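Single-structure report; data block below.
The values are calculated or read from the model by the stated rules, or taken from the named source; none is laboratory data. A quick note: this is a predicted structure, and the numbers were derived from the prediction, not measured. Here Cβ is always computed from backbone atoms with ideal geometry, including for glycine, and neighbour counts include all displayed protein chains. Heads up: the accessible areas ignore ligands, DNA and RNA and are worked out on the full protein's heavy atoms, side chains in. Shrake-Rupley method; radii C 1.70, N 1.55, O 1.52, S 1.80 Å.
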Amino acid sequence: MTIDLDDAIAAETKLSHVDGDNGELIILGENLKDIVKLEFEEVLSKLFKNLFHINYTHDEIKVLLAKARKEVFSLYEPNDVFLSEMPIVDAVRTLISKIKDGNDIETAIKLIAAIGVFTAALISKRNHRKLLVPDLNINHATDILRIAGLDYSEIHSTALNTYLVTIIDHGLNASTFTSRVVASTHAGLTSSVIAALSALKGPLHGGAPGPVLDMIDQISSQENALPWLETTLKKGERLMGFGHRIYKVRDPRADALKEALLSLNDSFVVDKNKLNLAYFIEITALDVLKRTKPNRPLHTNVEFYTALLLDSLGFNRADFTAIFAAGRVAGWLAHAREQIMYGRLIRPQSKYIGNLPNNNTMT
Ligand code: ACO
């Protein structure tokens, strides 16, 4: 008997479908290729449709999200020493605990605003920049870059918007499942999001892009790529940014992010040498994985290009997971609401393999 949940269906959803054999991601009935062209706020209005007591249009969500950014900003205390000593993703997790638990759309919008604002404000503080108050007149992606003290010109904001939309939802991944488990107990949306963020930060899930950059830095030259990759695999280690539980072919999000990265090509922040090295490493790694793991289809996953895109936008590698959460929070919340509306308490069984009181074991 295999003990895992690989083929178990734990929820019904109208939100997204991951077609791992064909390398397709359907979000709300649309192909990822089409949905990435939309503004984050528009995808939010679609994602939340019929999941709350009220439906908001794209424009209404934009106004509400901007107002929520301003409201949650007051919960951030820049001089909190305790927060300044934590990794940003942990500080964000701590800060969102300040948002009152609830199951309504107001709580949901506040949580989305909060992850973006807290991440950006913490980045600004660590870089000793002046703390900027959220701007009601710009969109979420632009304001995150602006508060973080990064270039928020149109080309950069559009690239970050593409990132936030690309990773907004992705079936029943570990963090989304976590969100649904907590929601199934009716604990509230804040609790769901805190739990999901905790699941996301692990290096096998949303914590991989930082190590992708570490890998590129360690390889450092094209000549070094093949020996480094082969030695790493021989040691039994994994190549970060490759492999996926569901995709048996290339992760379509990798291509969406590569396109966003190419759109930044003429921008001064892009380190072209690093990018060329990364492309070379990707091709070499795919070749080595094919040779050394012939029975496993291992392809580039979303994290490889996440690392390159967020690095080019000026984010520090230690903060990538928090930015991931700034987009994925919308998916966590929509799934939590689906679970509350249509699901029941999630309570699987375990198989006991320990001793019995009479020293017999279970058969
Ligand atoms: N590099 C080398 N070998 C790998 C990799 C990799 N990146 N991924 C899987 N494998 C190998 C495993 O070693 C194993 O080989 P074995 O049978 O010879 O021991 C085999 O492929 C299958 O491994 P599993 O653990 O069953 O694969 P799983 O479906 O659990 O892996 C995962 C999925 C965790 C994403 C894995 O591919 C991995 O660790 N990748 C690197 C980390 C990463 O990029 N994570 C981000 C994923 S995307 C996201 O979550 C947003």
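Some values worked out for this structure:
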{"read-out": "Some residue of the stretch 232-250 being crowded, with 22+ Cβ neighbours inside 10 Å and away from the ligand (no atom under 12 Å from the Cβ)", "value": "no"}
{"read-out": "Residue within the stretch 271-282 that is among the polar types (S, T, N, Q) and away from the ligand (no atom under 13 Å from the Cβ) present", "value": "yes"}
{"read-out": "Residue match in the stretch 324-344 (condition: aromatic (Phe, Trp, Tyr), in contact with a Ser or Thr (Cβ under 9 Å, 6 or more places away or on another chain) and either within 11 Å of the ligand (Cβ to nearest atom) or not in a helix (DSSP H, G or I) (or both))", "value": "yes"}
{"read-out": "Of the criteria (1) in contact (Cβ under 8 Å) with a residue 24 or more places away in the chain; (2) closer than 20 Å to Gly327 by Cβ; (3) among the aliphatic types (A, V, I, L, M), which one Leu28 fails", "value": "(1)"}
{"read-out": "Members of the stretch 321-338 that are of a type in the set (A, V, I, L, M, F, W, C) and open to solvent by 10 Å² or more (accessible area, probe 1.4 Å)", "value": "none"}
{"read-out": "Qualifying residue in the stretch 29-50 (condition: open to solvent by 70 Å² or more (accessible area, probe 1.4 Å) and under 24 Å from Thr119 (Cβ atoms))", "value": "yes"}
{"read-out": "The stretch 82-117 - residue that is open to solvent by less than 20 Å² (accessible area, probe 1.4 Å) and not in a helix (DSSP H, G or I) and, of those, farthest from Thr57 (Cα to Cα)", "value": "Ile99"}
{"read-out": "Helices (runs of 4 or more DSSP H) contained entirely in the stretch 123-214, each with at least 1 residues that are at pLDDT 95 or above, more than 13 Å from the chain's Cα centre (by Cα) and within 16 Å of the ligand (Cβ to nearest atom)", "value": "174-184"}
{"read-out": "Extreme residue, surrounded by the fewest Cβ atoms within 10 Å (Cβ to Cβ), among residues of the stretch 215-224 that are without any contact (Cβ under 8 Å) to a residue 60 or more places away in the chain and in a helix (DSSP H, G or I)", "value": "Glu223"}
{"read-out": "Qualifying positions in the stretch 215-229 - touching a helix residue (DSSP H, G or I) at 6+ places or on another chain (Cβ under 6 Å) and within 12 Å of the ligand (Cβ to nearest atom)", "value": "Leu229"}
{"read-out": "Set Ile167, Ile155: member being touching a Leu at 6+ places or on another chain (Cβ under 8 Å) and in contact (Cβ under 8 Å) with a residue 40 or more places away in the chain", "value": "Ile155"}
